[in-house]
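So the structure is just underneath, and the comments pick up after that.
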Amino acid sequence: MPVRRRTIPSALFIPGVLLLTTMLLLLSCAPPGPNREPLYRSARCAVSLNNPTDSPVNTEEKLITVGVRGILDPNFGPWGRTDGERLLFHHLYESLIDVDCEGVVRPGLAAHWEREQHGRRWVFTLRKDARFWDGSPVTATHVRTSWQNLATPVVAMVDSVVVMTDSKLAVYMKRLHPNVPRAFASNAFAVAGSVGDNGFRLGSGVYQYTDPSQWEVGTVEVEPDFGVKGATVSFMDVPRENLRDGLVAQDIDFAISSDPDLISYALHSMRLAALNWSTTYVLIIPSSADESGTRLLPETTVKEFARTAVRNPIATRAWNSEAWWKTTECGRPITAQRSGTSTTLRIVYDETDRVARDIAERVAAITSLETHESTMSRVFHEVVPGMFTGGEDRFAEGLDASAFDARLLRGEDLAYVLAIPARPHDPCAGHAFMMERAPWYRSSQIVPLIDARAYVVARDGLAGLDLIENWFGDVLVANELIKAE
(Lines give C-alpha, C1' and ligand atoms only; values in the text may rest on other atoms or scores of the structure.)
Protein backbone atom coordinates (compact mmCIF):
# COMPACT_ATOMS: atom_id res chain seq x y z
CA MET A 1 0.00 0.00 0.00
CA PRO A 2 1.58 3.30 -1.00
CA VAL A 3 2.60 5.64 1.80
CA ARG A 4 0.79 8.90 1.58
CA ARG A 5 3.00 11.87 2.44
CA ARG A 6 1.46 14.66 4.47
CA THR A 7 2.11 18.14 3.15
CA ILE A 8 1.82 21.49 4.88
CA PRO A 9 -0.63 23.75 3.14
CA SER A 10 1.07 26.80 1.66
CA ALA A 11 -1.44 29.03 3.41
CA LEU A 12 -0.07 27.80 6.76
CA PHE A 13 3.56 27.46 5.71
CA ILE A 14 4.18 31.08 4.71
CA PRO A 15 2.83 32.69 7.93
CA GLY A 16 4.81 30.12 9.96
CA VAL A 17 8.02 31.10 8.22
CA LEU A 18 7.26 34.77 8.81
CA LEU A 19 6.56 34.11 12.50
CA LEU A 20 9.81 32.17 12.93
CA THR A 21 11.78 34.86 11.12
CA THR A 22 10.25 37.57 13.30
CA MET A 23 11.11 35.65 16.48
CA LEU A 24 14.72 35.20 15.39
CA LEU A 25 15.02 38.89 14.59
CA LEU A 26 13.62 39.84 18.00
CA LEU A 27 16.01 37.50 19.77
CA SER A 28 18.96 38.84 17.82
CA CYS A 29 18.04 42.39 18.82
CA ALA A 30 17.46 41.58 22.50
CA PRO A 31 20.14 42.85 24.84
CA PRO A 32 22.54 40.13 25.99
CA GLY A 33 22.14 38.98 29.57
CA PRO A 34 24.88 38.49 32.13
CA ASN A 35 27.41 35.90 30.99
CA ARG A 36 28.10 34.61 34.48
CA GLU A 37 26.00 33.57 37.45
CA PRO A 38 25.13 36.26 40.02
CA LEU A 39 26.33 36.08 43.61
CA TYR A 40 23.72 36.47 46.34
CA ARG A 41 24.02 37.92 49.83
CA SER A 42 21.57 38.06 52.72
CA ALA A 43 18.82 40.63 52.35
CA ARG A 44 19.75 41.84 55.82
CA CYS A 45 23.10 42.99 54.38
CA ALA A 46 21.42 45.48 52.05
CA VAL A 47 22.11 49.10 52.97
CA SER A 48 19.03 50.92 51.78
CA LEU A 49 19.02 54.70 51.49
CA ASN A 50 15.60 54.99 49.92
CA ASN A 51 12.39 56.39 51.38
CA PRO A 52 9.01 54.88 50.46
CA THR A 53 8.02 58.18 48.84
CA ASP A 54 11.08 58.30 46.58
CA SER A 55 10.62 57.83 42.86
CA PRO A 56 12.90 55.02 41.64
CA VAL A 57 15.75 56.19 39.45
CA ASN A 58 16.82 54.30 36.34
CA THR A 59 20.43 53.48 37.20
CA GLU A 60 21.28 51.99 33.79
CA GLU A 61 22.30 55.39 32.45
CA LYS A 62 23.17 56.98 35.78
CA LEU A 63 26.53 58.14 37.10
CA ILE A 64 26.94 57.59 40.85
CA THR A 65 29.66 59.67 42.48
CA VAL A 66 31.28 58.41 45.68
CA GLY A 67 33.32 60.79 47.81
CA VAL A 68 36.39 59.12 49.32
CA ARG A 69 39.44 60.28 51.24
CA GLY A 70 42.94 59.80 49.90
CA ILE A 71 44.67 59.67 46.55
CA LEU A 72 43.26 57.07 44.13
CA ASP A 73 45.89 55.23 42.11
CA PRO A 74 44.75 52.13 40.17
CA ASN A 75 48.39 51.00 39.95
CA PHE A 76 48.13 49.86 43.58
CA GLY A 77 45.33 47.39 42.82
CA PRO A 78 44.11 45.01 44.00
CA TRP A 79 45.14 45.76 47.61
CA GLY A 80 45.22 49.52 48.15
CA ARG A 81 46.93 51.84 50.61
CA THR A 82 44.05 54.08 51.71
CA ASP A 83 40.40 53.58 52.62
CA GLY A 84 39.45 55.18 49.30
CA GLU A 85 41.59 52.78 47.27
CA ARG A 86 40.36 49.77 49.21
CA LEU A 87 36.73 50.78 48.55
CA LEU A 88 37.51 51.21 44.86
CA PHE A 89 39.31 47.87 44.55
CA HIS A 90 36.52 46.10 46.45
CA HIS A 91 34.38 46.75 43.37
CA LEU A 92 37.02 45.52 40.91
CA TYR A 93 38.76 42.48 42.37
CA GLU A 94 37.60 39.30 44.07
CA SER A 95 38.95 37.07 46.83
CA LEU A 96 38.42 33.34 47.23
CA ILE A 97 35.45 33.78 49.56
CA ASP A 98 33.15 36.49 50.86
CA VAL A 99 31.84 36.97 54.40
CA ASP A 100 28.49 38.72 54.54
CA CYS A 101 27.42 41.21 57.21
CA GLU A 102 26.12 38.37 59.41
CA GLY A 103 29.40 36.49 59.32
CA VAL A 104 28.22 33.81 56.88
CA VAL A 105 30.95 32.62 54.51
CA ARG A 106 29.82 32.64 50.89
CA PRO A 107 31.42 31.86 47.53
CA GLY A 108 33.75 34.37 45.93
CA LEU A 109 36.23 33.19 43.31
CA ALA A 110 35.96 29.76 44.92
CA ALA A 111 32.78 27.77 44.35
CA HIS A 112 33.51 25.46 47.28
CA TRP A 113 36.25 24.49 49.71
CA GLU A 114 37.25 21.54 51.87
CA ARG A 115 39.06 21.24 55.17
CA GLU A 116 41.84 18.68 55.42
CA GLN A 117 44.40 17.72 58.05
CA HIS A 118 42.20 19.15 60.84
CA GLY A 119 42.29 22.60 59.29
CA ARG A 120 46.01 22.71 58.54
CA ARG A 121 45.22 22.42 54.82
CA TRP A 122 42.34 23.99 52.89
CA VAL A 123 41.54 23.04 49.30
CA PHE A 124 39.68 25.58 47.15
CA THR A 125 37.97 24.90 43.82
CA LEU A 126 37.43 27.97 41.64
CA ARG A 127 34.12 28.83 39.97
CA LYS A 128 33.79 27.56 36.42
CA ASP A 129 32.81 31.04 35.23
CA ALA A 130 35.61 32.86 37.09
CA ARG A 131 37.08 35.09 34.39
CA PHE A 132 38.97 38.33 34.11
CA TRP A 133 37.55 41.33 32.27
CA ASP A 134 39.28 40.29 29.03
CA GLY A 135 37.57 36.88 29.11
CA SER A 136 40.63 34.86 30.15
CA PRO A 137 40.02 32.33 32.96
CA VAL A 138 41.14 32.91 36.53
CA THR A 139 43.42 30.02 37.50
CA ALA A 140 44.95 28.69 40.69
CA THR A 141 48.29 30.02 39.49
CA HIS A 142 46.84 33.54 39.43
CA VAL A 143 45.85 33.12 43.09
CA ARG A 144 49.31 31.96 44.13
CA THR A 145 51.06 34.67 42.12
CA SER A 146 48.85 37.41 43.57
CA TRP A 147 49.56 36.26 47.11
CA GLN A 148 53.31 36.23 46.53
CA ASN A 149 53.20 40.02 46.38
CA LEU A 150 51.80 40.29 49.90
CA ALA A 151 53.69 40.64 53.14
CA THR A 152 52.00 40.70 56.53
CA PRO A 153 48.77 38.69 56.04
CA VAL A 154 50.40 35.84 54.10
CA VAL A 155 53.47 35.66 56.31
CA ALA A 156 51.29 35.60 59.42
CA MET A 157 48.83 32.96 58.20
CA VAL A 158 49.93 30.97 55.17
CA ASP A 159 52.79 28.48 55.10
CA SER A 160 52.57 27.58 51.40
CA VAL A 161 50.26 27.36 48.38
CA VAL A 162 50.23 24.36 46.04
CA VAL A 163 48.60 24.53 42.61
CA MET A 164 46.82 21.18 42.10
CA THR A 165 45.06 21.94 38.78
CA ASP A 166 44.08 25.07 36.87
CA SER A 167 40.96 25.34 39.03
CA LYS A 168 42.10 23.85 42.34
CA LEU A 169 44.69 24.87 44.91
CA ALA A 170 45.72 23.74 48.38
CA VAL A 171 46.58 26.31 51.04
CA TYR A 172 48.71 25.14 53.96
CA MET A 173 48.17 27.21 57.10
CA LYS A 174 50.65 28.00 59.86
CA ARG A 175 48.09 26.96 62.46
CA LEU A 176 44.94 24.86 62.53
CA HIS A 177 41.75 26.55 61.36
CA PRO A 178 38.63 24.50 62.20
CA ASN A 179 36.59 26.85 59.99
CA VAL A 180 37.57 28.42 56.70
CA PRO A 181 39.63 31.54 57.58
CA ARG A 182 37.65 34.71 57.07
CA ALA A 183 40.87 36.45 56.12
CA PHE A 184 40.57 34.92 52.66
CA ALA A 185 37.66 37.31 52.09
CA SER A 186 39.76 40.43 52.64
CA ASN A 187 41.12 42.57 49.85
CA ALA A 188 44.57 41.68 51.18
CA PHE A 189 43.96 38.28 49.57
CA ALA A 190 42.37 39.65 46.39
CA VAL A 191 43.41 38.15 43.07
CA ALA A 192 44.55 40.01 39.96
CA GLY A 193 45.70 39.01 36.52
CA SER A 194 48.26 40.50 34.18
CA VAL A 195 48.35 44.16 33.18
CA GLY A 196 45.55 45.00 30.74
CA ASP A 197 45.41 47.34 27.78
CA ASN A 198 44.61 50.26 30.09
CA GLY A 199 47.82 49.76 32.04
CA PHE A 200 46.12 48.37 35.16
CA ARG A 201 45.97 44.80 36.44
CA LEU A 202 42.99 42.78 35.30
CA GLY A 203 40.30 41.90 37.81
CA SER A 204 37.34 39.54 37.92
CA GLY A 205 34.96 41.72 39.95
CA VAL A 206 31.53 42.85 38.81
CA TYR A 207 32.93 46.25 37.78
CA GLN A 208 35.77 47.17 35.44
CA TYR A 209 37.58 50.42 34.67
CA THR A 210 36.17 52.77 32.07
CA ASP A 211 38.50 54.51 29.62
CA PRO A 212 41.10 56.31 31.82
CA SER A 213 41.50 59.06 29.21
CA GLN A 214 37.96 60.21 30.06
CA TRP A 215 38.53 60.54 33.80
CA GLU A 216 38.57 63.93 35.44
CA VAL A 217 41.46 64.83 37.73
CA GLY A 218 41.10 63.13 41.10
CA THR A 219 38.51 60.60 39.93
CA VAL A 220 38.47 56.96 38.85
CA GLU A 221 35.41 55.55 37.08
CA VAL A 222 34.20 51.95 36.88
CA GLU A 223 31.28 50.35 35.07
CA PRO A 224 29.49 46.99 35.28
CA ASP A 225 31.12 44.14 33.40
CA PHE A 226 30.18 40.71 32.03
CA GLY A 227 27.19 41.91 30.02
CA VAL A 228 25.51 43.66 32.93
CA LYS A 229 23.68 46.98 32.72
CA GLY A 230 23.85 49.47 35.53
CA ALA A 231 25.26 52.70 36.80
CA THR A 232 28.80 53.88 36.24
CA VAL A 233 30.42 54.59 39.59
CA SER A 234 32.85 57.48 39.92
CA PHE A 235 35.20 57.52 42.92
CA MET A 236 36.29 61.07 43.76
CA ASP A 237 39.04 62.12 46.14
CA VAL A 238 37.40 64.71 48.39
CA PRO A 239 39.02 66.33 51.46
CA ARG A 240 37.06 65.65 54.64
CA GLU A 241 36.17 69.30 55.11
CA ASN A 242 34.57 69.40 51.65
CA LEU A 243 32.40 66.29 51.94
CA ARG A 244 29.38 68.08 53.39
CA ASP A 245 29.43 70.84 50.77
CA GLY A 246 29.77 68.25 48.00
CA LEU A 247 26.75 66.33 49.28
CA VAL A 248 24.65 69.46 49.72
CA ALA A 249 25.52 70.68 46.21
CA GLN A 250 24.80 67.13 44.89
CA ASP A 251 28.28 66.92 43.37
CA ILE A 252 28.64 63.76 45.48
CA ASP A 253 25.93 61.12 45.79
CA PHE A 254 27.24 59.39 48.88
CA ALA A 255 30.30 58.98 51.09
CA ILE A 256 31.36 56.65 53.88
CA SER A 257 32.38 58.64 56.93
CA SER A 258 32.87 58.39 60.67
CA ASP A 259 33.14 62.17 61.07
CA PRO A 260 30.72 62.94 63.94
CA ASP A 261 30.11 66.49 62.71
CA LEU A 262 29.05 65.34 59.24
CA ILE A 263 26.89 62.55 60.66
CA SER A 264 25.13 64.95 63.04
CA TYR A 265 24.44 67.36 60.20
CA ALA A 266 23.14 64.55 58.00
CA LEU A 267 20.61 63.47 60.63
CA HIS A 268 18.35 66.35 59.64
CA SER A 269 19.05 66.97 55.97
CA MET A 270 20.51 63.83 54.34
CA ARG A 271 20.21 60.06 54.28
CA LEU A 272 22.10 57.91 56.79
CA ALA A 273 22.77 54.20 57.19
CA ALA A 274 24.97 52.81 59.98
CA LEU A 275 27.55 50.16 59.16
CA ASN A 276 29.10 47.48 61.40
CA TRP A 277 31.26 48.43 64.36
CA SER A 278 34.61 48.13 62.62
CA THR A 279 37.14 50.08 64.70
CA THR A 280 38.37 49.92 68.28
CA TYR A 281 40.30 52.78 69.86
CA VAL A 282 42.93 51.58 72.29
CA LEU A 283 45.49 53.13 74.56
CA ILE A 284 48.87 51.50 74.01
CA ILE A 285 51.41 52.16 76.76
CA PRO A 286 55.10 51.29 76.20
CA SER A 287 56.00 51.30 79.89
CA SER A 288 53.35 48.73 80.82
CA ALA A 289 54.89 45.62 79.27
CA ASP A 290 54.87 42.77 81.77
CA GLU A 291 53.66 39.21 82.08
CA SER A 292 50.31 40.00 83.70
CA GLY A 293 48.28 39.72 80.50
CA THR A 294 45.93 42.13 78.78
CA ARG A 295 44.80 45.07 80.90
CA LEU A 296 41.06 45.72 80.87
CA LEU A 297 39.23 48.49 82.66
CA PRO A 298 36.01 47.50 84.46
CA GLU A 299 32.95 47.67 82.23
CA THR A 300 31.39 50.47 84.27
CA THR A 301 34.56 52.55 83.93
CA VAL A 302 34.69 51.99 80.16
CA LYS A 303 31.06 53.11 79.83
CA GLU A 304 31.66 56.21 81.94
CA PHE A 305 34.80 57.02 79.96
CA ALA A 306 32.94 56.70 76.65
CA ARG A 307 30.14 58.91 77.95
CA THR A 308 32.46 61.70 79.04
CA ALA A 309 35.36 61.50 76.59
CA VAL A 310 33.92 61.83 73.10
CA ARG A 311 32.37 65.20 72.37
CA ASN A 312 30.00 63.91 69.72
CA PRO A 313 29.38 60.22 70.43
CA ILE A 314 26.97 59.55 67.57
CA ALA A 315 29.32 57.06 65.88
CA THR A 316 30.94 55.61 69.02
CA ARG A 317 30.12 53.40 71.98
CA ALA A 318 31.95 51.96 74.99
CA TRP A 319 34.25 49.14 73.94
CA ASN A 320 32.21 45.97 73.46
CA SER A 321 34.14 44.05 70.82
CA GLU A 322 36.33 40.98 70.95
CA ALA A 323 39.77 41.35 72.53
CA TRP A 324 41.39 39.57 69.59
CA TRP A 325 44.88 40.61 70.69
CA LYS A 326 44.53 38.24 73.67
CA THR A 327 44.76 35.14 71.47
CA THR A 328 47.60 32.77 72.29
CA GLU A 329 47.32 30.83 69.04
CA CYS A 330 49.91 32.96 67.27
CA GLY A 331 52.69 32.14 69.71
CA ARG A 332 54.50 34.65 71.87
CA PRO A 333 55.76 37.57 69.81
CA ILE A 334 59.45 38.32 69.93
CA THR A 335 59.55 42.01 70.79
CA ALA A 336 62.41 44.39 70.26
CA GLN A 337 63.67 46.69 72.99
CA ARG A 338 62.45 50.23 72.73
CA SER A 339 65.07 52.64 71.44
CA GLY A 340 64.90 54.63 74.66
CA THR A 341 63.04 55.24 77.89
CA SER A 342 60.03 57.51 77.83
CA THR A 343 61.21 61.03 78.53
CA THR A 344 57.90 62.75 77.77
CA LEU A 345 54.47 62.96 79.31
CA ARG A 346 52.82 63.11 75.91
CA ILE A 347 49.79 61.07 74.89
CA VAL A 348 50.12 61.06 71.11
CA TYR A 349 47.39 60.68 68.50
CA ASP A 350 46.73 61.17 64.77
CA GLU A 351 45.74 64.81 64.42
CA THR A 352 43.21 64.05 61.66
CA ASP A 353 41.22 61.71 63.93
CA ARG A 354 38.76 63.64 66.10
CA VAL A 355 37.77 60.66 68.22
CA ALA A 356 41.43 59.91 68.96
CA ARG A 357 41.90 63.54 69.95
CA ASP A 358 39.00 63.42 72.40
CA ILE A 359 40.30 60.20 73.94
CA ALA A 360 43.86 61.52 74.30
CA GLU A 361 42.69 64.74 75.95
CA ARG A 362 40.43 62.88 78.38
CA VAL A 363 43.17 60.38 79.31
CA ALA A 364 45.61 63.25 79.86
CA ALA A 365 43.13 64.92 82.21
CA ILE A 366 42.42 61.71 84.16
CA THR A 367 46.06 60.74 84.61
CA SER A 368 47.07 64.24 85.68
CA LEU A 369 44.84 63.99 88.78
CA GLU A 370 45.82 62.43 92.07
CA THR A 371 44.09 59.11 92.69
CA HIS A 372 42.10 60.53 95.62
CA GLU A 373 40.66 63.27 93.39
CA SER A 374 38.77 61.02 91.00
CA THR A 375 37.32 57.51 91.03
CA MET A 376 38.24 57.09 87.38
CA SER A 377 41.78 58.27 88.09
CA ARG A 378 42.08 55.65 90.83
CA VAL A 379 40.84 52.88 88.53
CA PHE A 380 43.22 53.92 85.75
CA HIS A 381 46.07 53.87 88.28
CA GLU A 382 45.20 50.32 89.28
CA VAL A 383 45.07 49.08 85.70
CA VAL A 384 47.90 51.09 84.13
CA PRO A 385 50.20 52.39 86.88
CA GLY A 386 52.84 53.23 84.28
CA MET A 387 50.72 56.20 83.22
CA PHE A 388 51.20 57.86 86.62
CA THR A 389 54.99 58.16 86.79
CA GLY A 390 56.24 61.65 87.59
CA GLY A 391 54.38 64.52 89.18
CA GLU A 392 53.81 66.77 86.18
CA ASP A 393 50.65 67.08 84.12
CA ARG A 394 50.23 64.88 81.05
CA PHE A 395 49.22 66.45 77.77
CA ALA A 396 47.79 65.29 74.45
CA GLU A 397 49.66 65.98 71.22
CA GLY A 398 48.33 65.50 67.70
CA LEU A 399 50.73 64.68 64.89
CA ASP A 400 50.38 64.16 61.16
CA ALA A 401 50.27 60.56 59.98
CA SER A 402 53.94 60.18 59.10
CA ALA A 403 55.17 61.80 62.33
CA PHE A 404 52.72 59.70 64.38
CA ASP A 405 53.94 56.48 62.77
CA ALA A 406 57.59 57.45 63.39
CA ARG A 407 56.95 58.13 67.06
CA LEU A 408 54.90 54.94 67.46
CA LEU A 409 57.75 52.97 65.91
CA ARG A 410 60.18 54.24 68.56
CA GLY A 411 57.79 53.96 71.50
CA GLU A 412 59.36 56.75 73.50
CA ASP A 413 56.19 58.61 74.54
CA LEU A 414 54.00 58.00 77.55
CA ALA A 415 51.14 56.51 75.52
CA TYR A 416 49.50 56.40 72.09
CA VAL A 417 45.86 56.43 71.05
CA LEU A 418 45.53 53.99 68.18
CA ALA A 419 42.60 52.93 65.99
CA ILE A 420 42.79 49.19 65.28
CA PRO A 421 40.34 46.82 63.55
CA ALA A 422 37.51 45.62 65.76
CA ARG A 423 37.17 42.63 63.44
CA PRO A 424 40.59 41.84 62.01
CA HIS A 425 40.61 39.39 59.15
CA ASP A 426 42.78 37.15 61.33
CA PRO A 427 44.12 37.71 64.88
CA CYS A 428 47.63 36.58 63.93
CA ALA A 429 47.67 38.97 60.98
CA GLY A 430 46.49 41.66 63.38
CA HIS A 431 49.38 40.87 65.71
CA ALA A 432 51.84 40.96 62.82
CA PHE A 433 50.49 44.32 61.66
CA MET A 434 50.89 45.74 65.18
CA MET A 435 54.45 44.44 65.33
CA GLU A 436 55.26 46.24 62.10
CA ARG A 437 54.00 49.55 63.46
CA ALA A 438 55.35 49.12 66.99
CA PRO A 439 58.11 46.49 67.28
CA TRP A 440 58.04 46.86 71.08
CA TYR A 441 54.35 45.96 71.28
CA ARG A 442 52.89 43.27 73.51
CA SER A 443 49.24 42.57 74.10
CA SER A 444 49.59 43.44 77.80
CA GLN A 445 50.19 47.07 76.76
CA ILE A 446 46.75 47.53 75.17
CA VAL A 447 43.83 49.12 77.00
CA PRO A 448 40.64 49.10 74.84
CA LEU A 449 38.36 52.08 75.35
CA ILE A 450 35.90 52.86 72.55
CA ASP A 451 34.33 51.23 69.49
CA ALA A 452 33.50 53.26 66.40
CA ARG A 453 31.71 52.73 63.13
CA ALA A 454 31.22 54.55 59.88
CA TYR A 455 27.99 55.65 58.24
CA VAL A 456 26.89 55.82 54.64
CA VAL A 457 25.95 59.48 54.21
CA ALA A 458 23.93 60.17 51.05
CA ARG A 459 22.58 63.36 49.59
CA ASP A 460 18.89 64.05 49.99
CA GLY A 461 16.71 62.79 47.15
CA LEU A 462 19.00 59.98 46.10
CA ALA A 463 16.89 56.99 45.12
CA GLY A 464 17.29 53.72 43.29
CA LEU A 465 20.69 52.98 44.83
CA ASP A 466 21.32 49.70 46.64
CA LEU A 467 24.47 48.95 48.61
CA ILE A 468 25.66 45.70 50.17
CA GLU A 469 27.79 45.53 53.32
CA ASN A 470 30.09 42.68 54.31
CA TRP A 471 31.39 41.49 57.68
CA PHE A 472 34.29 43.93 57.70
CA GLY A 473 32.21 47.01 56.93
CA ASP A 474 33.13 47.16 53.24
CA VAL A 475 30.39 48.46 50.95
CA LEU A 476 29.63 47.51 47.35
CA VAL A 477 27.25 49.20 44.90
CA ALA A 478 24.90 46.37 43.90
CA ASN A 479 24.09 45.40 40.32
CA GLU A 480 22.74 42.34 38.52
CA LEU A 481 25.79 40.24 39.45
CA ILE A 482 25.85 40.97 43.17
CA LYS A 483 22.46 41.07 44.89
CA ALA A 484 21.00 41.00 48.38
CA GLU A 485 17.98 38.72 48.44
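The values are calculated or read from the model by the stated rules, or taken from the named source; none is laboratory data. Computed from a predicted model, the values in this text were never measured in an experiment. All Cβ positions, even for glycine, are placed from backbone atoms using ideal geometry, and neighbour counts span all protein chains on display.
Each residue in segment 237-248 was checked for being outside any helix (DSSP H, G or I) and either of a type in the set (K, R) or surrounded by 21 or more Cβ atoms within 10 Å (Cβ to Cβ) (or both), and 1 of them qualify. Pairing residues of segment 197-218 that are not assigned by TED's automatic domain parsing to the domain that holds P137 with residues that are buried (at least 16 other Cβ atoms within 10 Å of the Cβ), at Cβ distances under 6 Å and at least 6 apart in sequence or on separate chains, gives no pairs at all. Of the residues examined, L88 is one that is surrounded by 16 or more Cβ atoms within 10 Å (Cβ to Cβ) and not in a strand (DSSP E or B). Among the residues of segment 318-343, the ones that are surrounded by 14 or more Cβ atoms within 10 Å (Cβ to Cβ) and modelled with pLDDT of 75 or more come to 8 in all. Is there a residue in segment 469-485 that is in contact with a Phe, Trp or Tyr (Cβ under 7 Å, 6 or more places away or on another chain) and surrounded by 19 or more Cβ atoms within 10 Å (Cβ to Cβ)? Yes; the residues of segment 469-485 include at least one that is in contact with a Phe, Trp or Tyr (Cβ under 7 Å, 6 or more places away or on another chain) and surrounded by 19 or more Cβ atoms within 10 Å (Cβ to Cβ). The single condition among (1) within 22 Å of A454 (Cα to Cα); (2) small (G, A, S); (3) buried (at least 23 other Cβ atoms within 10 Å of the Cβ) that S234 does not meet is (3). Within the span defined as segment 128-140, every residue fails to be modelled with pLDDT of 90 or more, touching a His at 6+ places or on another chain (Cβ under 8 Å) and part of a strand (DSSP E or B). For first residues located in segment 164-180 and in contact (Cβ under 8 Å) with a residue 40 or more places away in the chain, partners that are in a strand (DSSP E or B) and of a type in the set (D, E) and lie 6+ apart or on another chain with Cβ distances below 6 Å form the pairs Y172/D159; K174/D159. Where helices (runs of 4 or more DSSP H) fall wholly inside segment 371-485, the ranges with 1 or more residues that are more than 27 Å from L87 (Cβ to Cβ) are 375-383, 401-410. Scanning segment 240-285 for residues that are of a type in the set (V, I, T) and more than 15 Å from A454 (Cβ to Cβ) returns V248, I252, V282, I284, I285. Check whether at least one residue in segment 166-181 is surrounded by 22 or more Cβ atoms within 10 Å (Cβ to Cβ), at pLDDT below 95 and either assigned by TED's automatic domain parsing to the domain that holds V105 or of a type in the set (V, I, T) (or both), and report yes or no. Within segment 166-181 (the criterion being surrounded by 22 or more Cβ atoms within 10 Å (Cβ to Cβ), at pLDDT below 95 and either assigned by TED's automatic domain parsing to the domain that holds V105 or of a type in the set (V, I, T) (or both)), the answer is yes, since at least one residue qualifies. Scanning segment 162-205 for residues that are aliphatic (A, V, I, L, M) and assigned to a loop (DSSP other than H, G, I, E, B) returns L176, V180, A190, A192, L202. M387 meets the conditions (1) buried (at least 23 other Cβ atoms within 10 Å of the Cβ); (2) at pLDDT 80 or above in every case but one. The failed one is (2). Residue pairs whose Cβ atoms lie under 8 Å apart, sitting 6 or more positions apart in sequence or on different chains, and linking a residue in segment 290-302 that is in the same structural domain as T375 (by TED's automatic domain parsing) to a partner that is modelled with pLDDT under 70 and small (G, A, S), are R295/S288. The one condition from (1) closer than 30 Å to C330 by Cα; (2) at pLDDT 85 or above; (3) touching a helix residue (DSSP H, G or I) at 6+ places or on another chain (Cβ under 9 Å) that G473 does not meet is (3).
Screening A111 on (1) outside any loop (DSSP other than H, G, I, E, B); (2) in contact with a Leu (Cβ under 7 Å, 6 or more places away or on another chain); (3) among the aliphatic types (A, V, I, L, M); (4) under 20 Å from E221 (Cβ atoms) shows it passes everything except condition (4). Scanning segment 453-466 for residues that are crowded, with 21+ Cβ neighbours inside 10 Å and more than 14 Å from the chain's Cα centre (by Cα) yields V457, A458, R459, L465. Can R311 be described as modelled with pLDDT of 90 or more and closer than 30 Å to S257 by Cβ? Considered against the rule, which asks whether it is modelled with pLDDT of 90 or more and closer than 30 Å to S257 by Cβ, R311 comes out as no. Scan (1) assigned to a loop (DSSP other than H, G, I, E, B); (2) farther than 30 Å from L176 by Cβ; (3) at pLDDT 85 or above for the single condition D358 breaks and write down its number. The failed condition is (1).
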